[in-house]
Every structure is written in C-alpha cells, then in structure tokens.
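Beneath this line is the structure, given in structure tokens, with notes to follow.
The values are calculated or read from the model by the stated rules, or taken from the named source; none is laboratory data. Since the model is a prediction, treat every value here as computed from it, not as a measurement. Positions of Cβ are backbone-derived with ideal geometry, glycine not excepted, and every protein chain shown enters the neighbour counts. Side chains are part of the model used for accessible areas, which takes the heavy atoms of the whole protein and leaves out ligands, DNA and RNA. Shrake-Rupley method; radii C 1.70, N 1.55, O 1.52, S 1.80 Å.
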Amino acid sequence: QVQLVESGGGLVQPGGSLRLSCAASESIANFYVMGWYRQAPGKQRDLVATMFSGGNINYADSVKGRFTISRDNAKNTVYLQMNTLKPEDTAVYFCNAKKLFGIYWGQGTQVTVSS
C-alpha cells in the first residue's frame, strides 16, 4: 500500500515562505506524475503544481512565480517551496501521486497565512 506523508505546514505571515515535503513509502520513480493540491474551507480541491516523470512541470496561474515543485529521488520525496505567501494561499495542502492503475493521496498539511 502506497503511503504519502506530508510535512512542513504551519502558520506564516503574509510575504513569508514555507517548504512542504511529501515522503513516499516507495520509489517516486514508480509514479508517472506527482503533485500538490490544496483545499480551502468550503471550496473544492484544486491543483497547485504537478511534476511528470519526464520532467514537465505545471503550476496553477495563482502560484506561478511564487511556488516551486521539486523532487529528490534518493529520498523518495517531493517538495513544494512556497514564497511570497498570501492569505488566499491558506488551505490544506495534499500530496498526490499517480500510477497507471492507482491514484494516491496524503493526509494533508495545514498552511495558514495570516498576520
């Protein structure tokens, strides 16, 4: 059973930075795409950033230029570096990974941007 464990969330002031981590229970090379989604209270879960095994990366327009997704294959970990955070970035952030016949989610980590 694949497990994804997020960490790195917390409370940060507007303009601040956080780095989220997603540690997988198996080699991340087994997934053809990994990414981050977020869900604010009362809203649907939205894509933040995805990274395909071939190297293609996609970002939501709202985070382009501020967030960066990266991976460390040796640590089986995907990261989301979030800079210049805004109150509207407040949400639960979920790690996501896909295989040909499976989609996996982490438990989520709360990010709150507030002064």
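For this structure, a couple of remarks:
- Val33 vs. criteria touching a strand residue (DSSP E or B) at 6+ places or on another chain (Cβ under 9 Å), of a type in the set (A, V, I, L, M) and either without any contact (Cβ under 8 Å) to a residue 60 or more places away in the chain or more than 14 Å from Gly108 (Cβ to Cβ) (or both): yes
Residue-by-condition table, conditions (1) within 17 Å of Gln44 (Cα to Cα); (2) among the β-branched types (Val, Ile, Thr):
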residue: Asp61; (1), (2): yes, no
residue: Lys64; (1), (2): no, no
residue: Ala74; (1), (2): no, no
residue: Val78; (1), (2): no, yes
residue: Met82; (1), (2): no, no
residue: Ala97; (1), (2): no, no
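- Residue in the range 76-99 that is open to solvent by 40 Å² or more (accessible area, probe 1.4 Å), touching a Leu at 6+ places or on another chain (Cβ under 9 Å) and either without any contact (Cβ under 8 Å) to a residue 60 or more places away in the chain or farther than 17 Å from Arg19 by Cα (or both) present: no
- Selection of the range 53-69 for residues being out of contact with any Leu (no Cβ under 8 Å at 6 or more places or on another chain) and among the polar types (S, T, N, Q) yields Ser53, Asn56, Ser62.
- Among the residues of the range 61-69, none qualifies, meaning not one is part of a loop (DSSP other than H, G, I, E, B), modelled with pLDDT of 95 or more, over 22 Å from Phe101 (Cα atoms) and under 11 Å from the mean Cα position of the chain (by Cα).
- When the range 100-115 is filtered for residues that are outside any strand (DSSP E or B) and free of Cβ contacts under 8 Å to residues at least 40 places away in the same chain, only Phe101 remains.
- In the range 70-89, the residues that are over 13 Å from the mean Cα position of the chain (by Cα) and β-branched (Val, Ile, Thr): Thr84
- Pairs with Cβ under 8 Å, 6+ apart, first in the range 40-64 and closer than 19 Å to Ile28 by Cα, second modelled with pLDDT under 95 and among the aliphatic types (A, V, I, L, M): Ser53/Ala29
- Among the residues of the range 1-43, those identified as within 16 Å of Ala74 (Cα to Cα), assigned to a loop (DSSP other than H, G, I, E, B) and open to solvent by 20 Å² or more (accessible area, probe 1.4 Å) are Ser25, Glu26, Ser27.
- Boolean, Arg66 is open to solvent by less than 30 Å² (accessible area, probe 1.4 Å), farther than 16 Å from Gln3 by Cα and not hydrophobic (A, V, I, L, M, F, W, C): yes
- Of all the criteria given as (1) of a type in the set (Gly, Ala, Ser); (2) surrounded by 13 or more Cβ atoms within 10 Å (Cβ to Cβ); (3) out of contact with any strand residue (DSSP E or B) (no Cβ under 9 Å at 6 or more places or on another chain), the one not satisfied by Ala49 is (3).
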